[in-house]
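Working notes for the structure below.
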Amino acid sequence: MALIVKKFGGTSVGSIERIEAVADLVIRAKQQGHQVVVVVSAMSGETNRLLSLAKQIDDRPSARELDVLLTAGEQVSIALLAMAIVKRGHSAVSLLADQIGIKTDNIFGKARIQSIDVNRLQQELEHNRIAIVAGFQGRDIEGNITTLGRGGTDTSAVEIASAIRADECQIYTDVDGVYTTDPRVEPRARRMAQITFEEMLELSSLGAKVLQIRSVEAAGKYNIPLRVLSTFKPDSGTLISYEEPKVATKTVSGIAYQKDEALLLVRQLPENPHSLAKILCLLANYDIEVDMISQINHQGGKIDYALTVHSNEYAQALDVLTTNLSELDASNVDGDQQVAKISAVGVGMKSHSGVAGTFFDALAKENIHTLLVSTSEIKISVLVEERYLELAVRTLHSAFSLESGE
Ligand code: ADP
Ligand code: ASP
Ligand code: MG
């Protein structure tokens, strides 16, 4: 008998039929003798629908009220799933995050979980009831409702798994595992039976939305085996753990892309060490995270900076920089939202040369221009115009022969 946390994403609970199928799946696990805690997302499309209602009132709605609104989606799905389980003659109880004491910091829209009070969950387990917890939400120290960022139910599930010391955290979704790239973009992508936390962390941070990055961070930190598997097709999925795959690893194990990236160009600053520091401190004051950075030095002691931020934060970042142009001593700020970041990831890169050559050669053959470049020991990322996204992903996937097995 194992203690398992099962998380179901939006598509998995996207209709009444699917909720009924999830109820059957959960009951089967129970009948096999496992103890189960379930964590669910809102029905697919619901969070976006709520978001668009808010945007009809205010393009930049109050962050506190937005979190109150967005958590409504999960309240619906936990209740419906609990009803479906109860109707089948089993004991289940739906619980909002606050009811199991999920405490977060107070950064609305991307709050971090600080603690979970396991008493209530333990009581439910002792009474043999299936607890169905609302993902994506928490409560700050002042009692405000918070959300954990898009895709945050993955993180709720891992944090709960760690708090109750579960044997495994299973992320059920609409694909049957982690692939060498998004199978929606490259149908020839191959499923990986196993992947290390280190590689999954890079893939998630570079856009592979199959797992929210914070869930991978948390699972790695607490050493919780994490498994991605399909709600619709019973199979063993992909296991993410510290164990290196037994077969030889390729230099590149996956290609990720990030559409939600926006480019900012701050031009004609004085060329001194303070210019970039000022830009970054200004943005940090508004909790705006900067991703890629590059500089172009001009003759005459002037410098331009190009940086990328999440597209959610683009309007605010542009606003902050424009308002502070004279303090920055820059000539102007503009940007572009029609850009995408494409990355190749692989722990094998550490020990192999020539990966960058293959990468840029493949893009050059397709005449794909790169706007920004950044690299680390185990990844290469480029920013390209968004219209090249699919072509770039497929080109790189094939350049590193990812469609063929190990
Ligand atoms: P859920 O609603 O279940 O949380 P998501 O839409 O957040 O599901 O994540 C699943 C999706 O992630 C898949 O449908 C797939 O298109 C996308 N995806 C992106 N990169 C990958 C990858 N490397 N492997 C598998 N799926 C990926
Ligand atoms: N419902 C939230 C979202 O759409 C959380 C999640 O699905 O994980 O982002
Ligand atoms: Mg998700």
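The values are calculated or read from the model by the stated rules, or taken from the named source; none is laboratory data. All of these numbers come straight from a predicted model, not from anything done at the bench. Don't worry about glycine lacking a Cβ; one is built from the backbone with ideal geometry, like all the others, and counts go over all protein chains shown. Please note that ligands, DNA and RNA were not included when accessible areas were found on the heavy atoms of the full protein model with its side chains. Shrake-Rupley method; radii C 1.70, N 1.55, O 1.52, S 1.80 Å.
According to a simple spin-label model (label point 7 Å from Cα along Cα-to-Cβ), what is the distance in nm between VAL373 and ASN223?
4.0
Roughly how many nanometres apart are two label points built 7 Å out from the Cα toward the Cβ at ASN297 and LEU51?
It is 4.1 nm.
Relative contact order of segment 308-406: what whole-number percent is it, with Cα pairs under 8 angstrom and at least 6 residues apart? Can you show the working numbers first?
Working: 97 pairs, mean separation 28.0, N = 99.
Computed value for segment 308-406: 28 percent relative contact order.
Taking the 0 to 90 degree range and rounding to the nearest ten, how far is the long axis of helix 153-163 tilted relative to the main principal axis of the chain, both from C-alpha atoms?
60
Within the chain, what whole-number % of the accessible surface is contributed by carbon and sulfur, with the 1.4 Å probe and all protein chains included in the calculation?
Working: 8880 of 18440 Å².
With neighbouring chains kept in place, the figure for the chain is 48 percent.
Report the local net charge at TYR388: Lys and Arg +1, Asp and Glu -1, summed over other residues whose C-beta lies under 15 Å from its C-beta.
On the way: positive: LYS259, LYS341, LYS365, ARG387, ARG394; negative: GLU186, GLU261, ASP336, GLU366, GLU385, GLU386, GLU390.
Overall, the nearby charge balance is -2.
Can you tell me the orientation of helix 355-365 relative to the chain, as the angle in degrees between its alpha-carbon axis and the longest Cα principal axis, to the nearest 10?
So the inclination is approximately 70 degrees.
Would you mind getting the accessible area per residue of segment 1-127, heavy atoms of the protein chains only, 1.4 Å probe, in Å²?
Working: 6070 Å² over 127 residues.
Accessible area per residue, segment 1-127: 48 Å².
Restricting attention to the alpha-carbon atoms of the chain, what are Rg (one decimal) and Dmax (integer), both in Å?
Rg and Dmax of the chain, Cα atoms, are 22.5, 78 Å.
Near ILE100, within a Cβ-to-Cβ distance under 10 Å, what is the net charge of the other residues, with Lys and Arg +1 and Asp and Glu -1? All intermediate terms of the calculation are to be shown ahead of the outcome.
On the way: positive: ARG120; negative: ASP98, ASP117, GLU124.
Summing Lys and Arg as +1 and Asp and Glu as -1 gives -2.
Over the Cα atoms of segment 230-342, how large are the radius of gyration and the largest Cα-Cα distance (Dmax), in Å?
For segment 230-342, the Cα radius of gyration and maximum Cα-Cα distance read 19.8, 64 Å.
Over the chain, what is the relative contact order in whole percent, taking alpha-carbon pairs under 8 Å and six or more residues apart? Numbers along the way, then the final one.
Working: 876 pairs, mean separation 54.8, N = 406.
Reported relative contact order: 13 percent.
In Å and from the alpha-carbon atoms only, list the Rg and Dmax of segment 115-193.
Using the Cα atoms of segment 115-193, the pair Rg, Dmax is 16.3, 49 Å.
Give me the mean projected area, in nm² to one decimal, of the convex hull enclosing the Cα positions of segment 281-403.
Working: hull surface 38.3 nm².
Directional mean of the projected Cα hull area for segment 281-403 stands at 9.6 nm².
For the chain, which span is the longest to avoid every loop-located (per DSSP) member of trypsin sites (Lys or Arg not before Pro) having at most 11 other Cβ atoms inside 10 Å? Numbers along the way, then the final one.
Values: sites that count: ARG165, ARG184, LYS246.
For trypsin sites (Lys or Arg not before Pro) (loop position, at most 11 other Cβ atoms within 10 Å), the longest site-free span of the chain is 1-164.
Give me the net charge for the shell around ILE303: Cβ to Cβ below 10 angstrom, other residues only, Lys and Arg +1, Asp and Glu -1. Spell out each step's value before the answer.
Values: positive: ARG267, LYS302; negative: GLU271, ASP304.
It works out to a net charge of 0.
Taking the convex hull of the Cα atoms, report for segment 64-133 its projected area averaged over all directions, in nm². Please list the in-between numbers first.
Working: hull surface 19.2 nm².
Taking a quarter of the hull surface, the average projection is 4.8 nm².
Does a label point 7 Å from the Cα of ARG64, set along Cα-to-beta-carbon, have any residues of segment 126-154 with amide nitrogen under 20 Å, and which are they?
So the set is 137-149.
So what is the 222 nm mean residue ellipticity for the chain from helices alone, if each DSSP H run of at least 4 adds -39500 (n - 2.57) and you divide by all residues, rounding to the nearest 500 deg cm²/dmol?
Working: 13 runs with 139 residues, N = 406.
After summing the helix terms and dividing by the residues of the chain, the value is -10500 deg cm²/dmol.
For a paramagnetic label modelled at 7 Å from the Cα of LYS278 toward its Cβ, which residues of segment 301-329 fall within the zone defined by backbone nitrogen distances under 20 Å?
301-308, 317-329
With N set to the number of residues, divide the alpha-carbon radius of gyration of segment 184-280 by 2.2 N^0.38 Å and report two decimals.
Numbers: Rg = 18.4 Å, N = 97, 2.2 N^0.38 = 12.5 Å.
Relative to the 2.2 N^0.38 Å estimate, segment 184-280 comes out at 1.47.
Please tell me the relative contact order of segment 86-215 in percent, rounded to the nearest whole number, where contacts are Cα pairs under 8 Å and at least six residues apart.
Value for segment 86-215: 21 percent.
On average, how much accessible surface per residue is there in segment 196-313, in Å², for a 1.4 Å probe, leaving out ligands, DNA and RNA? If you can, show how the numbers build up before the last one.
Details: 5620 Å² over 118 residues.
Accessible surface, normalised per residue, equals 48 Å².
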